[in-house]
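Have a look at the structure below, then the notes.
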Amino acid sequence: MQTIESPTKPAREEINGHILKLMVGIMALCLAALTNAFNKLNGGRPLESISDSYWQGGWSQTIFLGFLFAIAAFLFSYNGKSTAEMIMSKIASLAAIGVAMFPCGCGDHTEIIKRVHFISAGLMFIVLVYFCYKFYKRALEPKDGETVVYTEAIFRAFIYAVCGIAICTVIAGVSLDALFTEEGRKVGPIVARFQNFIFYAEETGLVAFGIAWLVASRTIPLITAEPERFSLNPYLLQVEK
């Protein structure tokens, strides 16, 4: 990364992919904690899942819908570094909208269209695993004009791997619970024993998603070498590597 004196106007006129990753990461990290906190303040019942906040109304519902639509917008704007990444980000964006527009059948509520919420959530998390893999591979590749991989980049690759495995574990756990749900029952064997299983599984997946994208923004000093670090100051001209 090279910098020169500040120009008289921003060197980057459009939203940058690093900024998108930073914002998506922050919102994904905060979504579960905020919906749960405001639901408790509002005197609501324990959330069965993060999506259950839709039915709770108030701030919990507002944050759930607002964050999901914002994440969807950022993902739709993100084109990655290949056609495949561009397509996958659009799929994740539409899936996030599906999660928001077709709420879960939590409590005594029924789904507008059966399975749309579950399929949308599953599809979104699968795409997020894909991006963890892409971030992992990219971190281990030497930057243009260099022959070595920074120690910080190797550490980032480790974080991406852990996040990807965490999301895969969540997908497997929720899928198994749904697979072994008996006919006529709304919950599976895991949820029957651990009432808040879906909530904590979703929270784990979202936190992993948030950490991966926050790290991929390359704005955090301790895990990003100075030559590859991205400045949030739009008045600094940067040559990305």
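Taking residues in region 38-62 that are touching a residue at least 60 places away in the same chain (Cβ under 8 Å) and part of a loop (DSSP other than H, G, I, E, B), and partners anywhere that are surrounded by fewer than 24 Cβ atoms within 10 Å (Cβ to Cβ) and among the charged types (D, E, K, R), the pairs with Cβ atoms closer than 8 Å and at least 6 places apart or on different chains are SER49/GLU202.
The set of residues in region 196-225 that are closer than 21 Å to ILE119 by Cα and either assigned to a loop (DSSP other than H, G, I, E, B) or over 17 Å from the mean Cα position of the chain (by Cα) (or both) comprises ASN196, PHE197. The lone criterion from (1) more than 27 Å from VAL148 (Cβ to Cβ); (2) assigned to a helix (DSSP H, G or I); (3) free of Cβ contacts under 8 Å to residues at least 12 places away in the same chain left unmet by THR181 is number (2). Out of the residues in region 122-161 that are over 22 Å from GLU202 (Cα atoms), β-branched (Val, Ile, Thr) and in contact with a Leu (Cβ under 9 Å, 6 or more places away or on another chain), state the one that is surrounded by the fewest Cβ atoms within 10 Å (Cβ to Cβ). In this case the residue turns out to be ILE154.
Can you find a residue that is within 22 Å of LEU31 (Cα to Cα) and modelled with pLDDT of 95 or more anywhere in region 132-151? Yes, region 132-151 contains a residue that is within 22 Å of LEU31 (Cα to Cα) and modelled with pLDDT of 95 or more.
Hey, can you tell me all the residues within region 120-150 that are closer than 15 Å to ALA216 by Cα and of a type outside the set (A, V, I, L, M, F, W, C)?
Start the filter on region 120-150 by keeping residues that are closer than 15 Å to ALA216 by Cα, which leaves 128-141, 143, 150.
Within region 120-150, TYR130, TYR133, LYS134, TYR136, LYS137, ARG138, GLU141, LYS143, TYR150 meet the criteria.
When region 104-117 is filtered for residues that are in contact with a Gly (Cβ under 9 Å, 6 or more places away or on another chain) and surrounded by 13 or more Cβ atoms within 10 Å (Cβ to Cβ), the ones remaining, listed by number, are GLU111, VAL116, HIS117. Close contacts from region 188-205, counting a first residue that is without any contact (Cβ under 8 Å) to a residue 40 or more places away in the chain and a second that is polar (S, T, N, Q) and assigned to a helix (DSSP H, G or I), with Cβ to Cβ under 8 Å and a gap of 6+ residues or different chains, come to THR204/THR169. Within region 134-172, the set of residues being of a type in the set (Phe, Trp, Tyr) and either in contact (Cβ under 8 Å) with a residue 40 or more places away in the chain or not in a helix (DSSP H, G or I) (or both) comprises PHE135, TYR150, PHE155, TYR160.
The values are calculated or read from the model by the stated rules, or taken from the named source; none is laboratory data. If you're wondering where the values come from, they're calculated on a predicted model, not measured in any experiment. Neighbour counts run over all protein chains shown; Cβ positions are idealised from the backbone, glycine included.
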